[in-house]
Amino acid sequence: MNKKAFKILEFDKIVEQLSGHADSEPGRQLCQKITPQTSLDKIRLYQRQTKDALGRLLKNGSTSFGNNKDVSYITKHLSIGGSLNADELLLLAGLLENTARVKQYGRSGNPEDGVQTPDAGKDSLTDFFDELEPLTPLSAEVRRCILSSDEFADDASPVLKDIRRKIGNTGEKIHSQLNSMVNGSLRSYLMDAVITMRNNRYCLPVKAELKGQVPGMVHDQSSTGSTLFIEPASIVELNNRLKELAIAEKEEIEAILSSLSASFMPYAETIAQNGRLMTRLDFIFAKGRLALAQNATEPVFSEEGDINIRKGRHPLLDPKTVVPIDIRLGEDYDQLIITGPNTGGKTVSLKTVGLFTLMGQAGLHIPALDRSRLKVFHNVFADIGDEQSIEQSLSTFSSHMKNIVFMLKEADAKSLCLFDELCAGTDPAEGAALAISILSQLHKRGVYTMATTHYSELKLYALSEKGVENASCEFDVETLSPTYRLLIGIPGKSNAFAISGKLGLPSHIIEDASSRLSNEDSSLEDVLADLEKSRLTARKEQLEIASYKEEIKTLKEQLLQKQEKVDLARDRIIRQATEEARDILQEAKDVADETIRNFHKYGTATPMQEMEKQRQKVGAKIAEKNEKLTIKTKAPKGPGLTAESVKPGEKVKVLSMGVEGIVVSKPDNKGNLFVQCGIIRSKVNMKDLAFAPDEEIKVPRLSRSHSSGIKMSKTASISPEINLLGMTCDEAVSVLDKYLDDAYIAHLKSVRIVHGKGTGALRKAVSDHLRRQSYIASYRLGEFGEGDAGVTIAEFK
């Protein structure tokens with residue numbers, strides 16, 4: 001495929017975005033190598049893999065491939081029997097542990113649910129996960145033996161453990177002897193009372209002039225020469241022993257590394273395969289993460305189909321501001337001529353189609369609505385941008401023509417050609433004629449082509465040629481800004497006169513320029529203006545119709561809901577009435593049966609008093625039923641109001657509002673007056689008023705305290721018992737505190753506090769609070785019959 005188009009269409013920037021979503025370096029390198037495919041089977045497979053990765057990300061969350069490193073050189077070293085160092089073994093352990101986590105992630109769930117079959121739940125990634133071999137015992141053994149790249153565990157082997165034990169014992173002996181020297185007879189000969197190391201041997205810092213007093217080996221001296229670092233003769237043998245043990249430790253570590261390497265050797269190819277699978281999965285999940293970030297979907301591919309991009313968004317533009325576009329090509333036409341003003345979105349439309357084609361054929365999802373369709377192309381050509389070259393003496397027109405010549409030579413029915421400003425940069429008449437000839441040649445070959453232009457001749461070409469369609473990028477003349485919406489079937493206007501007028505160009509210049517247009521050009525522009533006006537009118541009407549349809553739909557749904565409620569209420573009322581009628585009939589039958597039995601019992605000698613009693617009983621039941629069916633109205637309480645009885649300050653009730661208020665004015669001739677209801681002053685007629693019932697006012701008793709003050713007695717309203725059940729300790733203490741104050745003021749002798757047994761926390765909180773109150777004489781738990789331990793009795797002073 002033409003590599004030059006990759007850069008022109010900015011496919012390399014998509015590759016960079018893809019690489020940024022990979023976790024491992026091998027995964028990023030594989031992302032950098034991604035290329036569009038021309039095989040429909042491969043494209044569909046890669047798209048399915050991306051879709052399945054996206055499904056797993058949405059359902060199970062993400063997983064990491066960060067410990068996937070390039071271990072090819074390590075596995076090659078193992079295959080020839082080589083021994084690995086600690087860093088290489090830790091690298092393999094990290095890869096195997098990462099493999100185990102990824103394999104578990106693959107088993108954690110499947111993005112598809114369906115009929116249970118032998119292959120139910122499988123997707124295109126299942127085999128990748130199944131082929132992973134974590135080799136957990138090997139990685140666990142490495143982690144047991146090697147703590148870090150320069151630290152081995154004591155338990156790595158029994159021999160290493162024994163050696164390190166001896167090293168520790170020997171070191172303790174050396175320190176013990178040196179400490180006795182430092183703190184003993186040699187203290188006055190030392191520069192400092194410290195133990196130091198020189199050449200990996202323990203030494204003492206001895207004053208140079210007193211070196212003869214400390215027999216031993218001199219290993220070093222200070223920079224001034226005043227201090228000599230001497231290894232005392234008494235610990236030479238111990239230092240030698242320590243050196244031998246260090247050598248033995250190093251040899252044992254080499255043996256451990258050799259043993260671990262040998263355990264990995266049989267699995268060298270398995271580890272290499274794990275690396276390849278992890279890299280592939282990292283690459284596939286990077287595609288899934290990119291699709292998630294772009295809100296992209298899987299396109300539908302075919303070899304002989306058409307292009308139908310639904311609400312496509314260019315992936316390199318700001319997703320918050322990019323305007324989605326609809327593009328169709330190949331169903332009724334295989335050439336699309338896009339016209340319109342500059343910066344209107346024509347080039348973006350070209351790049352969107354070309355970039356979506358490359359992304360889709362590379363197995364990437366495209367940022368468009370689902371069910372968007374793309375066609376498989378074996379080559380994509382693009383002539384976009386200015387490529388003039390001073391070094392090669394190529395002008396803008398020449399550089400574009402060089403690309404066009406190459407495209408005409410290579411393009412066939414399986415190619416996509418994209419032209420931006422076809423044959424611009426030269427004489428307009430010649431450029432337009434040349435552009436029509438190039439497009440006609442490509443059209444005869446069946447090449448899918450999109451071209452942008454300002455030439456009016458190309459608009460006429462599209463109108464007259466079968467299989468060629470006009471399109472335009474919408475432009476709002478009022479705001480001098482493009483809307484970036486692509487309108488297929490409508491040729492565009494450059495709007496040069498309108499834009500110039502809005503920017504302040506004098507009107508007489510614009511009128512003069514208009515007069516210089518040929519009649520054909522003027523007619524074409526008028527037709528385009530009429531088409532644009534008709535389109536805007538039709539679009540406005542479509543939006544209104546859509547709004548009406550939505551409103552009708554909402555009203556219909558509300559009506560259906562109301563109808564359902566009415567039907568349910570009607571059924572309930574009918575059912576209830578039926579049940580009541582059945583009960584009434586049953587009761588009437590029972591009364592009739594009882595009356596007949598009485599007649600049979602007494603015969604003709606039935607006393608009249610007994611018969612009258614039975615008649616009254618039946619009448620009472622009928623009256624009771626009638627009473628239930630009667631609609632009762634509430635009459636206003638109290639005497640009616642008259643103009644003489646209503647005085648300002650009277651408390652009345654407004655019957656229509658059901659509120660009470662105070663009369664603030666006398667009634668006028670029509671009986672209207674003003675009533676103050678709270679903060680609202682209302683004008684009401686006397687007929688709508690009634691005297692409000694008088695409230696019973698309870699005046700608390702007054703009693704004189706021992707301090708000659710007057711207190712309000714709350715004896716009538718304070719209960720001698722309070723219930724704290726169900727409260728938290730804090731809530732109970734707050735409520736109890738206020739209650740005790742009120743009870744004490746009410747002169748209660750004692751109170752009963754119900755707190756329950758439970759865990760005892762509430763009882764303890766009550767007890768603690770009572771103990772702190774100065775007016776509590778004593779308190780105790782309740783006795784038998786008083787509530788036992790669930791009650792506390794408190795007595796006041």
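The values are calculated or read from the model by the stated rules, or taken from the named source; none is laboratory data. As the structure is a computational prediction, the values presented were derived from the model and not from experiment. Cβ coordinates were reconstructed from backbone atoms using ideal geometry, including for glycine residues, and neighbour counts include every protein chain displayed. Accessible surface areas use protein heavy atoms only, side chains included; no ligands, DNA or RNA. Shrake-Rupley method; radii C 1.70, N 1.55, O 1.52, S 1.80 Å.
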Condition met for Ser713 (open to solvent by less than 80 Å² (accessible area, probe 1.4 Å) and modelled with pLDDT under 50): yes
Residue within segment 231-253 that is open to solvent by less than 30 Å² (accessible area, probe 1.4 Å) and part of a strand (DSSP E or B) present: yes
Residues satisfying the stated conditions in segment 722-778, i.e. among the hydroxyl-bearing types (Ser, Thr, Tyr), over 17 Å from Ala789 (Cα atoms) and part of a helix (DSSP H, G or I): Ser734, Tyr739, Tyr744
Out of Gln49, Gln37, Gln17, sole residue that is buried (at least 21 other Cβ atoms within 10 Å of the Cβ) and in contact (Cβ under 8 Å) with a residue 60 or more places away in the chain: Gln49
Single condition Leu355 does not satisfy, out of (1) touching a strand residue (DSSP E or B) at 6+ places or on another chain (Cβ under 8 Å); (2) closer than 20 Å to Ala5 by Cβ; (3) crowded, with 20+ Cβ neighbours inside 10 Å; (4) among the hydrophobic types (A, V, I, L, M, F, W, C): (1)
Qualifying residue in segment 161-182 (condition: open to solvent by 20 Å² or more (accessible area, probe 1.4 Å), part of a loop (DSSP other than H, G, I, E, B) and not aliphatic (A, V, I, L, M)): no
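Anything in segment 771-797 that is hydroxyl-bearing (Ser, Thr, Tyr), over 14 Å from Leu748 (Cβ atoms) and in contact with a helix residue (DSSP H, G or I) (Cβ under 8 Å, 6 or more places away or on another chain)? List them, or say none.
Step one: of segment 771-797, the residues hydroxyl-bearing (Ser, Thr, Tyr) are 774-775, 778-779, 792.
Restricting the remaining residues to those that are over 14 Å from Leu748 (Cβ atoms) gives 774, 778, 792.
Result: Thr792, single match.
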Residue count, segment 437-454 (criterion: open to solvent by 60 Å² or more (accessible area, probe 1.4 Å) and touching a strand residue (DSSP E or B) at 6+ places or on another chain (Cβ under 9 Å)): 2
Leu736 vs. criteria at pLDDT 85 or above, over 30 Å from Lys653 (Cβ atoms) and surrounded by 13 or more Cβ atoms within 10 Å (Cβ to Cβ): yes
Residue among Asp370, Asp326, Asp332 that is touching a residue at least 12 places away in the same chain (Cβ under 8 Å), in contact with a strand residue (DSSP E or B) (Cβ under 9 Å, 6 or more places away or on another chain), over 20 Å from Ser472 (Cα atoms) and acidic (Asp, Glu): Asp370
Some residue of segment 104-111 being under 30 Å from Ala262 (Cβ atoms) and modelled with pLDDT under 95: yes
Filter pass, Glu557 being within 30 Å of Leu486 (Cβ to Cβ) and open to solvent by 80 Å² or more (accessible area, probe 1.4 Å): no
Test: residue in segment 196-212 that is touching a residue at least 40 places away in the same chain (Cβ under 8 Å), out of contact with any Lys or Arg (no Cβ under 8 Å at 6 or more places or on another chain), under 30 Å from Ser83 (Cα atoms) and not charged (D, E, K, R): no
Odd one out for Val218, checked against (1) part of a helix (DSSP H, G or I); (2) in contact with a Leu (Cβ under 6 Å, 6 or more places away or on another chain); (3) surrounded by fewer than 18 Cβ atoms within 10 Å (Cβ to Cβ): (1)
Verdict on Glu544 being at pLDDT 70 or above, of a type in the set (Asp, Glu) and within 30 Å of Ala471 (Cα to Cα): yes
Contacts under 6 angstrom Cβ, first residue in segment 559-579 being modelled with pLDDT under 85, partner assigned to a helix (DSSP H, G or I) and exposed (fewer than 10 other Cβ atoms within 10 Å of the Cβ), 6 or more apart: none
Segments classed as strands (runs of 3 or more DSSP E), wholly inside segment 404-476, with at least 2 members that are among the polar types (S, T, N, Q) and under 48 Å from the mean Cα position of the chain (by Cα): 448-453, 468-476
Every pair of residues 6+ apart whose Cβ atoms lie under 6 Å, when the first sits in segment 229-257 and is under 13 Å from Leu178 (Cα atoms) while the second is outside any helix (DSSP H, G or I) and among the aliphatic types (A, V, I, L, M): Ile230/Leu204; Ile230/Val206; Ile230/Val214; Ile230/Val218; Glu231/Met217
Segment 71-102, subset within 34 Å of the chain's Cα centre (by Cα) and more than 25 Å from Phe152 (Cβ to Cβ), residue most open to solvent (accessible area, probe 1.4 Å): Arg101
Given (1) over 30 Å from Gln361 (Cα atoms); (2) modelled with pLDDT of 90 or more; (3) among the aliphatic types (A, V, I, L, M); (4) open to solvent by less than 20 Å² (accessible area, probe 1.4 Å), index of the condition Leu434 fails: (4)
Meets criteria (open to solvent by less than 50 Å² (accessible area, probe 1.4 Å) and either under 30 Å from Ala153 (Cβ atoms) or not in a loop (DSSP other than H, G, I, E, B) (or both)) for Val206: yes
Test: residue in segment 385-402 that is open to solvent by less than 50 Å² (accessible area, probe 1.4 Å), modelled with pLDDT of 90 or more and at negative phi: no
Check on Ser750, among the polar types (S, T, N, Q), surrounded by 12 or more Cβ atoms within 10 Å (Cβ to Cβ) and at pLDDT 85 or above: yes
Residues of segment 20-34 satisfying the condition of being open to solvent by 10 Å² or more (accessible area, probe 1.4 Å), part of a loop (DSSP other than H, G, I, E, B) and under 23 Å from Leu91 (Cα atoms): His21, Asp23
Residue count for segment 781-795, restricted to those that are at pLDDT below 90 and open to solvent by 20 Å² or more (accessible area, probe 1.4 Å): 8
